[in-house]
Every structure is written in C-alpha cells, then in structure tokens.
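Only the coordinates and a few stated rules stand behind these numbers; no lab work does. Fair warning: this is a prediction, and the values are worked out from it, not measured in the lab. Quick reminder, even Gly has a Cβ in these numbers, built from the backbone with ideal geometry, and neighbours come from all protein chains shown.
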Ligand code: C2O
Ligand code: CU
Ligand code: CU
C-alpha cells in the first residue's frame, strides 16, 4: 500500500471512528477536511479490514509508522542559556513560527524560544529557580512542568492561564533528584492541539549523584535526548490538527524525533545514553534494537533505578520516559543498527563512526530508591476508576470540572491510590495515568510486584484494560494538582480530576 493509500485509509478510519460514537457527527466539515473523493473512498473501503470499521481506536491496530530513511542527522535541542537578571534563571516563550521539516517546505508550527519544540533547561537539585514564562501566541496557554515537584501555583495546570502577550514569573526550589522531565502546555480543552503543533521541551535535573556516577553525560554526544512524536501531515505538509484529530488520541504515520524527519544518529564506538521521551499525543512505543541485542535501562520518569536493568525492549506510553544505555563500542555501521518499534518499523538508524569514544562503565549501584514494608501495607485510601473511550471518557464516572475538587490529601503524608482501568464491551484501551506535582512509587500491578524497570520514581503509569494498580503517593507541596489520562485528547475530553493538597 503506497503512502497515499495509507493516508487515505487512515483518514477514512478516523471518519468512521468519529462516526461511531455519534452517528450524526460525520458532518460536511469533517468530510471537507479529509479531502477524499467518493471514488477514493470506495477504493479504500474495500481495502479496509472489518475490525477497523467497528471499534474505536484499539491501540493494537493503529496505523504503523513509516520507516525512517535515515537521511537527516538527528537535531539536538539547544541547551537554554541562563539569564542573569534579577535572579531569573530562564526565560521561556511560547511562540508560533515556520519550520522546514520537509525539504524546501515551510510548516506552521509552535515552539518554545523557537519555531518547533523547545530548548533543554537544566536545573540543579537544591537551587532556587525563577523562570519567566511569556505567551507570544495569539491564544491562551499554560506552562506545565511535567514530573516536577513544585507548589501548585508554579505547576502550570489549567488554572494557570497566561493570556496572549502576558507573562508570569514562577519561583521554586528544586527539591527532587536527578531526572529527565519535560514541559508542555496544559490549557483546558486545547492541550492536545498545542502539543501536537509542537509545544514540548525538556527539563533535566542534575544532582551530586548523577554527576558522580560516571555515566555518559556529554550532551548531544553520548547523552542524547530523544523526543518521539507521531504526526499526520496533510497534502500541503501542514499539521492540520482538526483534520487529524481523533477523540481516542491523534495518531499519525510520520515519526519525528526531536522534530527531525527521517532521522539518523551518528555515534562513536562507546556507550551512549539515550533519554527516551514518548512525547506523542496517544501512540505507545515499544523500543528495541533491530539486532535483538539487549541494552540497559538506568532511569525511570523520576530518577535512577537502583541497578541497571538489562532489557531487550522497553514500552513507553505517552509522557513516560526511560533512560537507556546502548553499548556501541563493539559495533560498526555494517551492523545496520537501528532502534525499531514493536512491529519492526525503523525509528532511528544509528551510524557508528570509526572513532572510539569515552570508556565508561555503568555502575552497579545508582540509587537508593525503596518501597518500604510500611508503604506496602497501607490501606487504599483513594480509588480511581478510568473508563470509556472517545469523548465519553471519565474518571470515577465524572468528567473534569475545574470548580470541583475530587480528592484532598495532606501534605507530606503518603497515601495509597488504587487505579483501575475498567474495560467496556469492546475491551477498552490502555490509559496512561499521570499525577502532577509528585513522583510516586508503584506498589503492585494486579497484585504482583511491578517489573524491575518500574521499581523507581514514576509520574505516569501505563494501565492495561482490566488492570488494577496500587501506587504510593506523597505530595511535598500544597495546592491543587491535576491527575489525568495522558492521551491528550482524553485529557481534553475530561478524563482529569483534581486533588487538593492541604
Ligand atoms: Cu504532561 Cu498534566 O501533564
Ligand atoms: Cu504533568
Ligand atoms: Cu485515556
């Protein structure tokens, strides 16, 4: 099936899918956006397999990604320079611009301090940070620091709207350990579109431990950020969110890594640390090496694992991160090495240079994360039930209401939250559950201890249909925080609640 056919089939499946939750919703407007002639439609309908026609977006059947041809060297987000004015450390501007993603074509995109995506901000544990946030868009936005343990008034949730042309300075102390976090907008109902258009950046925290472990840490050289996002470009190579949008999560056939189309990464013969971020609106990724070789995972969303975990693959739902180390020291380009997805589609080819790089060893002990006996025995005091699909998604039977507080919790007190993904007649789907303003610990998945590579700090957790997970949650700061599904369209459709920390 050629690219065009694929696109057409996808457009139709989106139409069919949006038609299924509301039989009358296949409006002329939607038909228009998809730009499909009747003839093409007939064609594709015959190609479609029955499954796609009935259900909602079962995420096992999503359109697969085009292979990266590797013709473009991976772009590395710049490291943001520190300001030096009245204690303000960083200035972050949300902007709209044009980006050459495809050769010779300008795509309208959003970005932070640039036209697409954002720079990397580096923070040190223990420092007090002021960040000036400026909205240069012509629509409302917020600046949310995903995974950061901050007072709620600095968290940038939907209550923290910054209007066009306005700015806000936030201040907080960096109190958590080294981790790969990120930032993105969070305005009520339009988060999915703003992220899809390009608003997402990286936030690294470093501390004494991260600096003394001897891990690869030469930014952009052997310590590489990788933001994975799938997009659907229209005929003019534009990001037309309205046309691409799916209520169960917008997916595309085109992969961008750090905003690079058809990326490849050139590495020396050395151990290379890859900081994987699933920055997609909805797509899950399962990362593995095409050779079947193993790699080690060294960090979760919120910090280092106690010990490196040897894996052949790692799955990340939207917003999850994993740091992995791939050893290229014995490899060369004849190996035709690449990072691939579950189904084998090529995400990121590697070119191994003749240079031998730094010699590093991965320490056997990296952290002192622990889940205590006491925490494991705490009773469940918060229950969260995720249910539904499309625009009918709910948490505990309710949709988000910014005026309603769903839970209260005491500052500094650990409580056990039990989250259940209630299936529907069609089986249901994975929901990645995220809580703001905290890093939590996974106690169990369906009563079993979590896999080794989830025995570390987490701020998002992927939950399968009919799965029940228990997590230990503590907030160090006060205020109102969001918890929600990180399929951004589900979040926008109301799969979100609020916890007030007192
Ligand atoms: Cu990535 Cu509400 O967050
Ligand atoms: Cu968040
Ligand atoms: Cu969801």
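For this structure, a couple of remarks:
- Remark: spin-label model distance residue 217-residue 124 equals 1.1 nm, labels positioned 7 Å along the Cα→Cβ axis.
- Cα centroid separation, segment 85-106 to segment 221-255: 18 Å.
- Cα gyration tensor category, rounded, prolate or oblate, for segment 373-501 with a/c compared to 1.5: oblate
- Full-extension gain in nm, residue 464 to residue 86, via 0.36 nm per residue minus C-alpha separation: 131.3 nm
- Computed helical MRE - 222 nm, the chain, DSSP H runs ≥ 4 contributing -39500 (n - 2.57), nearest 500: -3500 deg cm²/dmol
- Mean Cα-pair separation over length for the chain, i.e. relative contact order, pairs under 8 Å, 6 or more apart, %: 15
- For the chain: span of alpha carbons on each principal axis (Å, largest first): 63, 59, 49
- Rough spin-label spacing in nm, given labels placed 7 Å along Cα→Cβ, for residue 108 and residue 425: 4.1
- Antiparallel beta bridges, as assigned by DSSP with both residues in the chain, represent about 70 percent of the total such bridges.
- Pairwise FRET efficiency - residue 71 versus residue 242, Cβ, R0 = 41 Å, nearest 0.05: 0.85
- Pairwise FRET efficiency - residue 398 versus residue 334, Cβ, R0 = 51 Å, nearest 0.05: 0.35
- Cα centroid of segment 120-149 to Cα centroid of segment 358-396, whole Å: 24
- On full extension, the segment bounded by residue 136 and residue 235 gains 32.8 nm, given 0.36 nm per residue less the C-alpha separation.
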